[in-house]
1. For region 154-177, what are the residues that are polar (S, T, N, Q) and at pLDDT 95 or above?
2. Take the conditions at pLDDT 90 or above and within 30 Å of ARG273 (Cβ to Cβ) and apply them to TYR89. Does it pass?
3. Go through region 226-266 residue by residue and tally those that are touching a residue at least 12 places away in the same chain (Cβ under 8 Å) and assigned to a strand (DSSP E or B).
4. Tally the residues that are surrounded by fewer than 16 Cβ atoms within 10 Å (Cβ to Cβ) and modelled with pLDDT under 95, restricting the search to region 236-266.
5. Counting only residues that are over 16 Å from GLY30 (Cα atoms) and touching a Phe, Trp or Tyr at 6+ places or on another chain (Cβ under 7 Å), how many does region 265-290 have?
6. Conditions first: (1) closer than 30 Å to ILE194 by Cβ; (2) of a type in the set (A, V, I, L, M); (3) modelled with pLDDT under 90. MET1 passes all but one, so which condition is the exception?
7. Please work out if ILE194 is over 18 Å from THR106 (Cα atoms), out of contact with any Cys (no Cβ under 9 Å at 6 or more places or on another chain), in a strand (DSSP E or B) and hydrophobic (A, V, I, L, M, F, W, C).
Amino acid sequence: MKKMIGALAVSSLFAVGSIAAELPIEVHGGVSAGYQYTDGNNEGFFVSNALVELSKEAKDGIGFAAAFGYLMNWDPSTTGDSFGLQYGYLSVPVGKLTIDAGVLPTMVGYEVANTYANPNINIATIWGGQPVYYGGLRATYSLGDENIWIEVNDDGKDVGTDGAWSVGGSGDLGAVSIVASYYAYNKDRDIVDIILSSTIGGLDVALNFDYQINDGNGDDGYGVAFYIIPKLGEIDIPIRIESFDPGDTGAYGDKGWDIAITPTLRLGNGYARAEVFYTDYDIAGSDTQVAVEFGHVF
């Protein structure tokens, strides 16, 4: 069933993309697929992404963005896949202020749900403790290269959190790009997220620190992921090492650490990559996954 849904998503993506190419809007997206092996019960071919995004900047009146397609669920604490409208919102500029309303993509975290835009095949474990897409209203004030935002949303209402709100900002401090966010569910927990990224001597490096605050009587949790990406001509070698402890927040599902090494050959608008992903968790134990993936981004 998953393979059939993935194939339908790919064909739908190309159909929508073909129509959108004739319209005065921006069209972006990607398709990726591959093969993974963990053990005899978890192996096979997969479609990881088939996504098309249509957008128009909010320079002359109201802008918008909408993304439709299929995203494989890499969250280790849940199961299932997502096919359909991933996000869509309208943008209204008011001077230096932009109001976004609709189904919004998160501002939290270094990685994104469409994994062809990430350096590794498997998404980081700390992704499981962060929001993804949700209905909401966000106001962003631009100060040139710096941005400040505040939002209210419906994230988590389906599991009884009564929605959430957040404040955050982004900008550059010398050669280092910084994103900081305080994300507060109206029940159970809050998230402090700090992302630092830079390019040093030809190396892309980043640090994503994720602190989970338990609003009850239990322990807080944390997650930290470190990224380093050496570049050798058309070959990148992304390495991610992360450590995490959910405390009593339930954010990551388990305590432990993992490492992903993903040699990637860039091929014009596409790529071919392989990955070794080693995990060592308190409850699930240790495991090694080997995967390959090919992708095209447009």
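1. Looking only at region 154-177, we keep the residues that are polar (S, T, N, Q), and these are 161, 166, 170, 177.
The answer is SER166, SER170, SER177.
2. Details: at pLDDT 90 or above: yes; within 30 Å of ARG273 (Cβ to Cβ): no.
The answer is no for TYR89.
3. Counting residues in region 226-266 that are touching a residue at least 12 places away in the same chain (Cβ under 8 Å) and assigned to a strand (DSSP E or B) gives 23.
4. Result for region 236-266: 1.
5. So the first thing to find is which residues in region 265-290 are over 16 Å from GLY30 (Cα atoms), and the list is 265, 274-290.
Then keep just the ones that are touching a Phe, Trp or Tyr at 6+ places or on another chain (Cβ under 7 Å); that gives 265, 280, 288-290.
Final tally of qualifying residues: 5.
6. If we test MET1 against (1) closer than 30 Å to ILE194 by Cβ; (2) of a type in the set (A, V, I, L, M); (3) modelled with pLDDT under 90, just (1) comes out false.
7. Details: over 18 Å from THR106 (Cα atoms): no; out of contact with any Cys (no Cβ under 9 Å at 6 or more places or on another chain): yes; in a strand (DSSP E or B): yes; hydrophobic (A, V, I, L, M, F, W, C): yes.
No, not satisfied.
Residue-by-condition table, conditions (1) among the aromatic types (Phe, Trp, Tyr); (2) surrounded by 15 or more Cβ atoms within 10 Å (Cβ to Cβ); (3) in contact with a Ser or Thr (Cβ under 6 Å, 6 or more places away or on another chain):
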{"residue": "ASN120", "(1), (2), (3)": "no, yes, yes"}
{"residue": "THR125", "(1), (2), (3)": "no, yes, no"}
{"residue": "TYR134", "(1), (2), (3)": "yes, yes, no"}
{"residue": "GLU151", "(1), (2), (3)": "no, yes, yes"}
{"residue": "GLY171", "(1), (2), (3)": "no, yes, no"}
{"residue": "ILE178", "(1), (2), (3)": "no, yes, no"}
{"residue": "TYR211", "(1), (2), (3)": "yes, yes, no"}
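The values are calculated or read from the model by the stated rules, or taken from the named source; none is laboratory data. Keep in mind that what you see is a predicted model, and the values were worked out from it rather than measured. When we count neighbours, we look across all protein chains shown, and the Cβ atoms used for this are built from the backbone with ideal geometry, even at glycine.
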